[in-house]
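The values are calculated or read from the model by the stated rules, or taken from the named source; none is laboratory data. Not measured: the values here are computed from a predicted model. Here the Cβ positions follow ideal geometry from the backbone for every residue, glycine too, while neighbour counts run over all protein chains shown.
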């Protein structure tokens, strides 16, 4: 999630989280001057947050390079969250099997607010450069996994998520309005799977299936991704049986162990 998306709260903790987000989003050690350039906070306020976060082990400081990076305490917390809240540990063997069966890139994703968080990935036998990586966030409205999940959200959750989308046209095929997206989501619900038809990146296509509890609650989604140089959308549908089998296995284990529904089903 972008830094700006977390600025709805104005408390001290919320502000500190925006600083952590800013450091993490650089994907490399960052200087204080770089943080200051993009920060909504005055220099003294930002410096105070950075110092407190460093003292608490949430950030680490390299005195030689004068740079900040995520600290070991934050890494430990992230690992604990990954173990407790992520589908990745449950899904690992099923993603491995799906990857072997299809030979294509496999993604596991969950919703993070209005965005998609890629929590695991398997590269194709012949890897292709693409945006998605485990730990990265992406837009929900123009990715296969994102649309697969959006299609099964209840209206009370879907409406605010659609309001958070940027509707930026990444390619000529990107859906850029809420009304058009709602029509697309209706079709996805009817057929049970979603496509990314070069909507986020030129030449990149995928087929995705949502991971749902027995009551229909969205847990995540899995996709099989390829390129237009290798296949087309019709070609990707041949992977549906294996994809659905993997999703069903993940959903079953997640339902009973880590993500039980509150109400009886």
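For the range 169-183, check the following and say yes or no: at least one residue is buried (at least 21 other Cβ atoms within 10 Å of the Cβ) and not in a loop (DSSP other than H, G, I, E, B).
Yes: the range 169-183 contains one or more residues that are buried (at least 21 other Cβ atoms within 10 Å of the Cβ) and not in a loop (DSSP other than H, G, I, E, B).
Quick test of your reading of the structure: residue 124 fulfils all but one of (1) touching a helix residue (DSSP H, G or I) at 6+ places or on another chain (Cβ under 6 Å); (2) farther than 27 Å from residue 255 by Cβ. Name the failing condition by number.
Result: residue 124 passes all but (1).
When you look at residue 185, is it assigned by TED's automatic domain parsing to the domain that holds residue 247, more than 19 Å from residue 91 (Cα to Cα) and without any contact (Cβ under 8 Å) to a residue 60 or more places away in the chain, yes or no?
When the stated conditions are applied, residue 185 passes them.
With the range 17-108 as the region, which helices (runs of 4 or more DSSP H) entirely inside it contain at least 1 residues that are touching a strand residue (DSSP E or B) at 6+ places or on another chain (Cβ under 6 Å), free of Cβ contacts under 8 Å to residues at least 40 places away in the same chain and in the same structural domain as residue 123 (by TED's automatic domain parsing)?
Of the helices (runs of 4 or more DSSP H) lying wholly inside the range 17-108, those with at least 1 residues that are touching a strand residue (DSSP E or B) at 6+ places or on another chain (Cβ under 6 Å), free of Cβ contacts under 8 Å to residues at least 40 places away in the same chain and in the same structural domain as residue 123 (by TED's automatic domain parsing) span 88-102.
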